[in-house]
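Visitor: Quick one: the structure is below, and I'll ask about it shortly.
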Amino acid sequence: MSRATFFLFFLTTAVSLLEIPFPGLSDTLALSPHRVQSAPWMFVSSIFVHVNLGHLAQNMVALLIFGTFLEKVIKPKKLLIMYFASGIAGNIAAFFFYPDALSLGASGAIMGLVGCLTVLRPKASVWFGAELPVLFFSALWVFTDLVGLFVPSDVGNAAHLGGFIMGIAFGRVWKKNFREEIEIRKRVRKALK
């Protein structure tokens, strides 16, 4: 059971749906570079609000796909820590790259999940419209975000990349202590003796 993923899914959906009866909620919770010094919680709160229902749906589908997969590999507590750290890292990147724009959405945090999976399970396959190896999917998405940095749009490509980099960092740290990696190293040492 993917407890952490479902918790994040329901929390994000609930907060985003509150925007319907309270339309000013996203202005209060979204990351505003001009107000963040007096409201630093925006680095976290902006993860839970979305531009519209389509934006929410896209992010929640990605969260369910990558979150449930990653939660089978790491513990729920680690997933939550990495998700929030990646979301914050994505928002810090957005803060510097988009100094006059509001930033909102969970995609930076979700890209952290993708980055971590890229390190821990690069050859595993995920279904995202088609079955793709995690490494190929990651490379494709990162390439798209790198190109997107130079093409004006409403997409927070810098936030995606910031979250992805944070996820890779967590994956590299955890891979050293990953049970399967330890077993492989033991077998290799034993074979070399």
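Just so you know, all these numbers are worked out from the coordinates, no wet-lab data involved. Treat the numbers as computed from the prediction; the structure is a model and nothing was measured. Ideal geometry is used to build each Cβ from the backbone, glycine not excepted, and the neighbour counts take in all protein chains shown.
Visitor: Using only Cα atoms, find the angle between the long axis of helix 134-148 and the longest principal axis of the chain, and express it within 0 to 90 degrees, rounded to the nearest 10.
Guide: Roughly 30 degrees between the two axes.
Visitor: Which peptide among 56-69, 80-93, 123-136 comes first, and what is the full order, when sorted by highest mean count of other Cβ atoms within 10 Å?
Guide: Those peptides, ordered most packed to least, come out 80-93, 56-69, 123-136.
Visitor: Once both axes come from the Cα atoms, what is the angle between helix 179-192 and the longest principal axis of the chain, in degrees from 0 to 90, rounded to 10?
Guide: It works out to around 30 degrees.
Visitor: Peptides 152-164, 11-23, 103-115: what's the order by average Cβ count within 10 Å, highest mean first?
Guide: My ranking of the peptides, most packed first, is 103-115, 152-164, 11-23.
Visitor: Continuing with the same structure: Could you please report the charge total around L8, scoring K, R as +1 and D, E as -1 over all other residues with beta-carbon less than 14 angstrom from its beta-carbon?
Guide: Spelling it out: positives minus negatives among the neighbours equals +2.
Visitor: Let me ask something else. Show me the ranking of peptides 33-41, 137-145 by mean Cβ neighbours inside 10 Å, starting with the highest.
Guide: Listed from highest to lowest mean packing, they are 137-145, 33-41.
Visitor: With only Lys, Arg, Asp and Glu charged, each at its Cβ (+1 for the first two, -1 for the last two), find how big the charge dipole of region 3-192 is about the Cα centre; round to the nearest 20 debye.
Guide: So the dipole magnitude of region 3-192 works out to roughly 1440 debye.
Visitor: Could you check the spin-label model distance between T144 and S125? Points 7 Å from the Cα along Cα→Cβ, value in nm.
Guide: Distance between label points: 2.0 nm.
Visitor: Once R0 is set to 45 Å, what does the formula 1/(1 + (r/R0)^6) return for the Cβ-Cβ distance between R187 and N52, expressed as a FRET efficiency to the nearest 0.05?
Guide: E(calc), rounded to 0.05, equals 0.30.
Visitor: Can you compute 3J(HN,Hα) from phi for each residue in region 103-114, using the Karplus curve 6.51 cos²θ - 1.76 cosθ + 1.60 with θ = phi - 60°, rounded to whole Hz and x for Gly and Pro?
Guide: 3J(HN,Hα) across region 103-114, in whole Hz: 10, 7, x, 9, 5, x, 5, 5, 5, x, 4, 5.
Visitor: Run the helix sum for the chain: -39,500 (n - 2.57) per DSSP H stretch of 4+ residues, divided by residue count, reported at 222 nm to the nearest 500 deg cm²/dmol.
Guide: Result for the chain, helices only: -21500 deg cm²/dmol.
Visitor: Which links in K75/K190; K123/K193; K123/K176; K72/K190; K77/K190; K75/K175 stretch past 24 Å when you go from one Cα to the other?
Guide: Exceeds cut-off: K75/K190; K123/K193; K72/K190; K77/K190.
Visitor: Could you tell me what % of all Cα pairs in the chain have separations over 19 Å?
Guide: That tail contains 59 percent of the Cα-Cα pairs.
Visitor: Go through A57, W141, L25 and say which Cα lies farthest out towards the positive end of the charge dipole of region 3-192; charges sit on Cβ, +1 for Lys and Arg, -1 for Asp and Glu.
Guide: Toward the positive end, the furthest listed residue is W141.
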